[in-house]
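For reference, the structure I am asking about is given below.
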Amino acid sequence: MRMQLSREQLLQAFRSMVKIREFEERLHIENPKGEIPGFLHLYAGQEAVAVGLCEQLTERDYIISTHRGHGHCIAKGCDIPAMMLEIYGRADGLCNGKGGSMHIADVTKGMLGANGIVGGGQPIAVGAAIACKMRGDGSVAASFTGDGAANQGTVFEAMNLAVVLQVPKVFMFEMNGYSEHTGGSYSTGAKDPVQRIRGFGIPVFEADGFDLFSVYDAVRQALEISRNGGGPTAVYAQTTRYYGHFEGDPMLYRAPGEVERLRAENDCLQNFRRRVTEAGLLTAGDLDGIEVEIRALVDHSVVAAKAGRGHTPAELLTNVYASY
């Protein structure tokens, strides 16, 4: 049975999804100006997955992200202005401007980092789950896995070890249909990838990644098991990304009009708006006000990041080499 979210929970979930969307849409505009160092992999379109999971986590819980990590960071509560400073490589950024987009982290929020290695985060998350089990406080660790990482040996090893050790770990499989530039259905030999996960001995809860409520309910069931000594669980959600694998990717591998159709017919923010307003849970005015608020926050963050402080020569060498 699905849980009814309170008004406050609904507002918070929508606010988090809008933060992600506005943050990513603005980066899509700013990146071609040449002021942002490094690659960007945008999360727009997948907001319901990150928020459906992270809204049910606490600061004691951990997440490990991917190269497409901005949305996970924001959903876990990381500071928007500090994130923007980080992405612009500024000294006052979330990681002092040295992590950038693909290695952004905030351990104070339980966000143990984005990861530029495909499939590299899942073993780390199992380690974090071991710590959760040793503490015995009901905390969990969660990792995000896309189409490409779902075929990596590191992920299979992490799933197996999580079962062997019976750690409180949630594997979130957010499948946007593409492994970089290759269709996920082509690159996966298993006809039923959900059954493949179950083959490791992990309970799997399926969700519609375009529907926050579907994701929220699947995660709720997974967390109920993992928080209470039942070992690892998994959530499998189909979703999409609106932009390329990286910014600048021409997406010639996608069908003509595919993204436009998905935006028009199955956008997770619009699905949420329709559901809550039709049910009388929130008003259009409630949601419009949040969008205005978040756009102003993102505008301020971009202005501050562009004017942010660079590194002194001495700062460039700190936290780079370890001394023994």
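The values are calculated or read from the model by the stated rules, or taken from the named source; none is laboratory data. As the structure is a computational prediction, the values presented were derived from the model and not from experiment. Here the Cβ positions follow ideal geometry from the backbone for every residue, glycine too, while neighbour counts run over all protein chains shown. Note: areas computed on protein heavy atoms with side chains; ligands, DNA, RNA excluded. Shrake-Rupley method; radii C 1.70, N 1.55, O 1.52, S 1.80 Å.
Take the conditions modelled with pLDDT under 95, more than 16 Å from the chain's Cα centre (by Cα) and of a type in the set (D, E, K, R) and apply them to LYS133. Does it pass? Steps first, answer last, please.
Values: modelled with pLDDT under 95: no; more than 16 Å from the chain's Cα centre (by Cα): yes; of a type in the set (D, E, K, R): yes.
For LYS133, the condition - modelled with pLDDT under 95, more than 16 Å from the chain's Cα centre (by Cα) and of a type in the set (D, E, K, R) - is not met.
Taking interchain pairs and intrachain pairs at least six residues apart, which have beta carbon atoms under 9 angstrom, with the first residue in the range 162-174 and under 11 Å from PRO203 (Cα atoms) and the second open to solvent by less than 10 Å² (accessible area, probe 1.4 Å) and of a type in the set (S, T, N, Q)?
VAL170/SER143; VAL170/SER226; VAL170/THR233; PHE171/GLN122; PHE171/SER143; PHE171/THR145; PHE171/THR233
Tell me which residues, restricted to the range 4-18, are open to solvent by less than 50 Å² (accessible area, probe 1.4 Å) and within 15 Å of GLY289 (Cα to Cα). Walk me through it before giving the result.
Just the residues of the range 4-18 that are open to solvent by less than 50 Å² (accessible area, probe 1.4 Å), to begin with: 5-6, 10-11, 13-14, 16-18.
Answer for the range 4-18, where residues must be open to solvent by less than 50 Å² (accessible area, probe 1.4 Å) and within 15 Å of GLY289 (Cα to Cα): LEU10, LEU11, ALA13, PHE14, SER16, MET17, VAL18.
Grab the helices (runs of 4 or more DSSP H) fully contained in the range 31-103, keeping just those with 3 or more residues being small (Gly, Ala, Ser). Reasoning before the result, please.
Working: elements: 47-54, 70-75, 80-87.
Hits in the range 31-103: 47-54.
Still on this model: Does at least one position in the range 216-235 carry a residue that is in contact with a Pro (Cβ under 8 Å, 6 or more places away or on another chain) and among the charged types (D, E, K, R)?
The answer is yes; a qualifying residue exists.
Right, another one. For the range 255-263, does any single residue satisfy the condition of being small (Gly, Ala, Ser) and surrounded by fewer than 15 Cβ atoms within 10 Å (Cβ to Cβ)?
At the first step, the residues of the range 255-263 found to be small (Gly, Ala, Ser) are 255, 257.
Those still in the list that are surrounded by fewer than 15 Cβ atoms within 10 Å (Cβ to Cβ) too: 255, 257.
The answer is yes, given that some residue of the range 255-263 is small (Gly, Ala, Ser) and surrounded by fewer than 15 Cβ atoms within 10 Å (Cβ to Cβ).
Test ALA162 against the stated conditions and say whether it is at pLDDT below 95 and hydrophobic (A, V, I, L, M, F, W, C). Steps first, please.
On the way: at pLDDT below 95: no; hydrophobic (A, V, I, L, M, F, W, C): yes.
So ALA162 does not fit the description; no.
Let me ask you something else. For SER179, all conditions in the list (1) over 17 Å from the mean Cα position of the chain (by Cα); (2) under 23 Å from ARG254 (Cβ atoms) hold save one; what is the number of the exception?
(1)
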